[in-house]
1. Compute, for the chain, the length of the dipole vector about the Cα centre, with Cβ point charges of +1 (Lys, Arg) and -1 (Asp, Glu) only. Units Debye, rounded to 20.
2. Within a Cβ distance under 9 Å of LEU187, other residues only, what is the Lys/Arg minus Asp/Glu net charge?
3. Show me, for the stretch 33-50, the HN-Hα J-couplings you get by feeding each phi into the Karplus relation (A = 6.51, B = -1.76, C = 1.60, θ = phi - 60°), rounded to Hz, glycine and proline as x.
4. What area, in nm² and to one decimal, does the C-alpha convex hull of the chain cast on average over all directions?
5. Starting from the Kirkwood radius over alpha-carbon pairs of the stretch 144-205, derive D by Stokes-Einstein at 37 °C in a medium of 0.692 mPa s and give it in µm² s⁻¹.
6. List the trypsin sites (Lys or Arg not before Pro) within the stretch 177-207 that DSSP assigns to loop and that have no more than 15 neighbouring Cβ atoms inside 10 Å.
7. Counting pairs of alpha carbon atoms under 8 Å apart in space and at least six apart in sequence, what relative contact order in percent does the chain give?
8. How many angstrom separate the Cα center of the stretch 7-38 from the Cα center of the stretch 121-141?
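Values in this text are rule-based calculations from the coordinates and carry no lab data. This one's a predicted model, so the numbers in the text were calculated from it and none came from an experiment. In this analysis, Cβ positions are derived from the backbone assuming ideal geometry, glycine residues included, and neighbour counts consider all displayed protein chains.
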Amino acid sequence: MAARLDWPALARAHRELASLPASLRAVATVCAFGKRETVFRLGARPQAVYFVLAGEVRLVRRSRAGGEVILQRTRRGFFAEASLESGVYHCDALAAQPSEVLCIPLGAARQALDADPAFRRAWIAHLSRELRRSRAQGERLALKSARERILHYLESEGTDGVVTLTISRKAWAGELGLTHETLYRTLARLEAEGRVIRRGPQLRLRKR
């Protein structure tokens with residue numbers, strides 16, 4: 001028998017889980033994945049809705065040259081939400097590090113969305129936030145220079161121009177589509193100009 005989950009503690013740690021109805025809390029389980037272990041494969045039939053509790057899961061595809069193209073990195077939150085309305089997965093999901101993932105059976109999630117208006121509203125709000133985040137990411141990657149991408153990130157992702165990084169600088173460089181050397185060099189230049197103030201993991205954009 002699966003261990004009972006401490007839902008009050010999970011909801012405090014992950015606010016997105018506070019809206020899960022009792023019907024989903026009753027059937028959700030926690031799955032552990034080792035580094036580089038597969039959560040699901042391209043072309044497989046969707047089985048669950050997933051939420052990263054700890055670690056990191058990446059959605060990836062293979063380029064024609066055989067390289068790995070990262071579509072999404074999730075450290076805390078839902079991933080593969082599109083599987084709710086898809087017959088197959090359109091990418092692989094791999095654990096980038098040892099990870100704990102909440103698994104909610106797909107059929108139960110669909111039934112809850114149909115039957116529970118509060119959960120449906122919360123899910124729509126979540127998808128809206130993800131859409132805005134995705135659009136901002138696409139806009140950022142379309143910028144040509146490293147400088148523009150860094151400033152765009154601080155402006156769009158920060159609160160009053162302040163961002164506290166919860167990932168390594170190397171991982172952040174990957175999200176910006178930059179090498180970590182380019183990120184470090186450009187960030188140092190922005191600091192020297194007084195455009196960015198750095199204190200540990202916190203970055204503050206100084207407005208002109």
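1. Working: 37 positive and 21 negative charges, 147 e Å.
The calculation lands at about 700 debye.
2. Values: positive: ARG169, ARG185, ARG189, ARG198; negative: GLU191.
After counting each charged neighbour, the total is +3.
3. 10, x, 4, 6, 6, 8, 8, 7, 10, 3, x, 6, 6, x, 10, 7, 9, 10
4. One quarter of the hull surface, i.e. the mean projection, equals 13.5 nm².
5. Values: Rh = 11.4 Å.
Diffusion coefficient, whole number: 287 µm²/s.
6. Passing sites in the stretch 177-207 are ARG206, LYS207.
7. About 19 percent, as a whole number.
8. Cα centres, the stretch 7-38 to the stretch 121-141: 21 Å.
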